[in-house]
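Asks: Just passing along the structure, written as structure tokens.
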Amino acid sequence: MLLEVKTTDAYRINLDTIAEYRHKLVADQRIQESASSILLAVGRQDTGDLEAQIRGSRHAWDVRVISTDALVRLMEIKEQMSDWETSSRINGILRPMEYTRIDGIIDLLFSTAKDIQTPDDEAPDQEAADDDVTLAEQTSTVFDHDRARAMALEKLEAHIGTVLKKKGRVFWGSADGRYNVVCLSSRPYGRDTDAPRFWYGVNPRHKPFLQDCEKGYMLFACGTEYTPVAVPTTEFLPMLTTFKTSPPQPTEDKPLHHWHVKIHRPGERAEIDMSLAGGRTDISRFVVR
């Protein structure tokens, strides 16, 4: 997508010149013509002449206009998303489209509202409530998930030698697209303070983001006192069949909401609970120190 920024429509914009920028990029095979368009971001609302110029030209199907305020609001919404598919669909509204039938826009509004209302991070189930006598007391206190995630991401960045940028509520990735990270956090649970448990809800909507890169990580922030655990996508996704789910037996009418992931931290080690396979598996090699 080409981005042309103007603060006023006082001076007439030559759309042919802007279109030529795009054609050169297509000719140099830096972008695909079918997957690119032109977006004019303007700092003011007085864009009537510019809009009329676009509508009356051959560029009407290649060019759109957006205010900088609206663009910033759209970015803020994307940063709250935990569904990568919906987040990607938001990009689509910045491209020229046919508006005769608006079902797609309504679907996007509905899925966006639903996603923002869906919590991430901890997802303890009834087994946790029965097993941990301190659960009710601990969940009544405020836990800073943002701080826990920030600490975990800082360690992972140092480990892989790459700066990670926020791409959604729990999505981070490198600028070059090589690394994608889903980062979830949990407070400690359990009676034994020397070997606490941490609970996470991994959503099916996290999978496409983890797979859409060269190297993906499922990053688990274990409170703020323990070092995080970063499991590579290639190691983590095969584990999903061994975790309990909500609902316990997903159906078409009651689809899978999330997998329950429970990580134990005895000392400096880390073990993941393979509930359906029985027992735990040592994942200490994935602890980011």
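Asks: Which ordering of Tyr21, Tyr179 is given by a fewest-first count of other beta-carbon atoms within 10 Å?
Replies: Details: Tyr21 12, Tyr179 20.
So the residues, fewest neighbours to most, are Tyr21, Tyr179.
Asks: Could you order peptides 155-162, 36-43 by the average number of other Cβ atoms within 10 Å of their residues, highest first?
Replies: Details: 155-162: 14.8, 36-43: 18.5.
Going by the mean number of other Cβ atoms within 10 Å, highest first, we get 36-43, 155-162.
Asks: Report the calculated FRET efficiency for Arg30 and Ala277 (r = Cβ-Cβ distance, R0 = 51 Å), to the nearest 0.05.
Replies: Values: r = 47 Å, r/R0 = 0.93.
Working from the Cβ atoms, E equals 0.60.
Asks: What ranking do 266-272, 197-203, 91-97 get when scored by the average of other Cβ atoms within 10 Å per residue, highest first? Before the final figure, lay out each step's value.
Replies: Values: 266-272: 15.3, 197-203: 22.7, 91-97: 13.4.
Taking the mean over residues of other Cβ atoms within 10 Å, the ranking is 197-203, 266-272, 91-97.
Asks: Counting only residues 5 or more places away or on other chains, whose amide H sits under 5 Å from the amide H of Gly216 once H atoms are built in the peptide plane?
Replies: Asn180, Thr233, Thr234
Asks: Mind giving me the FRET efficiency for Glu268 and Arg191? R0 is 22 Å, r the Cβ-Cβ distance, nearest 0.05 is fine. Intermediate values should be presented prior to the final figure.
Replies: Values: r = 20 Å, r/R0 = 0.91.
Working from the Cβ atoms, E equals 0.65.
Asks: Full-extension gain between Glu154 and Lys166, please, as 0.36 nm times their residue separation minus the C-alpha to C-alpha distance.
Replies: So the chain would gain 3.1 nm between Glu154 and Lys166.
Asks: Give a residue-ordered list of calculated ³J(HN,Hα) values for the range 22-33 (Karplus: 6.51 cos²θ - 1.76 cosθ + 1.60, θ = phi - 60°; whole Hz; x for Gly, Pro).
Replies: 5, 4, 5, 5, 5, 4, 7, 6, 8, 9, 9, 4
Asks: Please compute the net charge surrounding Pro228, taking Lys and Arg as +1 and Asp and Glu as -1 over other residues with Cβ under 12 Å from its Cβ.
Replies: Numbers: positive: Arg149, Lys155, Arg265, Arg289; negative: Glu154, Glu157, Glu225.
Result for the local shell: +1.
Asks: If you average the C-alpha positions of the range 16-42 and of the range 249-289 separately, how far apart do those two centres end up, in angstrom?
Replies: About 46 Å separates the Cα centre of the range 16-42 from the one of the range 249-289.
Asks: Whole-Hz ³J(HN,Hα) for each residue in the range 172-189, computed from phi via Karplus 6.51 cos²θ - 1.76 cosθ + 1.60 with θ = phi - 60°, x for glycine and proline: what do you get?
Replies: Karplus values, whole Hz, x for Gly and Pro: 9, x, 7, 4, 7, x, 6, 10, 10, 9, 9, 10, 10, 10, 8, 7, x, 10.
Read-outs throughout are calculated quantities, based only on the coordinates presented, and are distinct from any laboratory measurement. These numbers come from a predicted model, not from an experiment. Counting neighbours? That spans all protein chains shown, and the Cβs are built from the backbone with ideal geometry, glycine included.
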